[in-house]
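Here is the structure we will look at.
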Amino acid sequence: MERRELRGHYDGLAAEYDEHWVYGPEYVPWMSGQIAEALRLGPADRIADIGSGTGLFARELASQVQPSRPILCVDPSEAMLRGLGTPPPPELTPVVATAEDVAEGQVRLPYPELDAIWLKESVHHVVDPAHTLRGLADRLAPGGRLLIVMLPATIRYPLFKAALARFEELQPDPALIEGHLRRAGLETRLGHVEHELRIDRDRYLGMVRARYMSLLSTFSETEIDEGVEEIRTAHPESVLVFPDRFAFVLGRRAEENA
């Protein structure tokens with residue numbers, strides 16, 4: 001998807017974004033806790049959530065970690081960042097920028113270096129992942145950590161067959177992303193976490209119609225309608241139960257005296 005189309009997709013989704021991504025009351029605290037644990041976040045860390053959207057996870061992490069300085073919520077969509085609130089809460093600072101802007105020093109951040117950066121389900125939007133991840137690694141302080149949270153190469157979502165096939169065609173391999181971080185000079189680790197989702201089928205079908213995944217914006221209205229009917233036929237049950245599995249690709253910059 002072209003950059004302008006991608007921004008338009010998220011601008012249009014902004015008003016309903018949190019509704020689509022809060023599968024249940026336990027999901028955001030669970031995922032935020034997994035991110036905090038993987039990054040070993042502490043109150044003194046200078047933190048950036050790149051591709052933050054409405055700050056859904058940054059807000060929860062701020063509550064869990066109680067950072068002494070605001071978490072930077074970086075996103076190219078001003079409409080999404082307005083979801084932080086007007087004005088935003090003091091623990092979150094919006095930054096209108098892309099991952100590439102941060103990596104290339106095209107945007108001035110409040111912190112000269114960062115102790116922790118995460119990108120959740122946004123690395124597949126980066127045009128040149130090797131170059132951009134190297135640039136983000138260069139923004140880390142000694143001992144800083146960079147976490148890429150991404151779906152694996154295959155998923156078990158109750159989507160229609162054409163969507164699942166296109167996902168596998170477009171989704172980067174987490175092992176490839178780990179290689180980019182390693183070549184950027186970081187110590188790396190690749191692991192996985194999994195959470196069982198239970199969601200009302202009609203609500204999920206509404207999310208598909210709203211194209212809650214950017215992948216779905218590559219399908220026409222007719223294709224989405226046909227896909228929804230395919231899902232409805234394949235899943236007559238009223239509640240959909242399926243695993244949400246994520247790859248956690250972690251890179252850590254060495255300490256200066258290491």
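Since every read-out is calculated from the coordinates, none of them should be taken as a lab result. Just so it is clear, the model here is predicted, and its values are computed rather than measured. Ideal geometry is used to build each Cβ from the backbone, glycine not excepted, and the neighbour counts take in all protein chains shown.
Every Cα-Cα pair in the stretch 151-258 was counted, and those over 23 Å apart are 41% of them.
Summing Cβ point charges (Lys, Arg +1; Asp, Glu -1) relative to the Cα centre of the chain gives a dipole of roughly 560 debye. Positive end of the charge dipole of the stretch 110-223 (Lys, Arg +1 and Asp, Glu -1 on Cβ, about the Cα centre): tell me which of Thr154, Leu190, His124 has its Cα farthest that way. The listed residue farthest towards the positive side: Thr154.
For the stretch 139-213, the Kirkwood estimate of hydrodynamic radius, built from reciprocal distances between every pair of different alpha carbons, is 15.1 Å.
Considering every Cα-Cα pair within the chain, what fraction, in whole percent, is farther apart than 35 Å? Of the Cα pairs, 13 percent sit more than 35 Å apart. Which of Arg156, Arg232, Arg182 ends up with the largest GNM mean-square fluctuation for the chain, with Cα atoms connected below 10 Å? Maximum fluctuation in the GNM of the chain, among the listed residues, is at Arg156.
Taking every DSSP helix (H) stretch of at least 4 residues in the chain, weighting each as -39,500 (n - 2.57) and dividing the sum by the residue count yields a mean residue ellipticity at 222 nm of -11000 deg cm²/dmol.
Rounded, prolate or oblate: which fits the stretch 101-159 when a ≥ b ≥ c are the square roots of the eigenvalues of the alpha-carbon gyration tensor, with rounded for a/c under 1.5 and prolate only if a/b beats b/c? Because a/c hits 1.5 or more and a/b exceeds b/c, the stretch 101-159 counts as prolate. Shape of the stretch 198-239 from the C-alpha gyration tensor: oblate (a/c of 1.5 or more and a/b not above b/c, with a ≥ b ≥ c the square roots of its eigenvalues). The value for the stretch 90-228 of Rg(Cα) / (2.2 N^0.38 Å) is 1.22. The 3J(HN,Hα) values that the Karplus relation (6.51, -1.76, 1.60; θ = phi - 60°) gives for the stretch 64-72 are, in residue order, 6, 8, 6, x, 6, 10, x, 6, 7 Hz. Gly and Pro appear as x.
Beta bridges assigned by DSSP with both partners in the chain are antiparallel in approximately 55 percent of cases. In terms of its alpha-carbon gyration tensor, the stretch 28-78 comes out oblate; a/c meets the 1.5 threshold, while b/c is at least as large as a/b.
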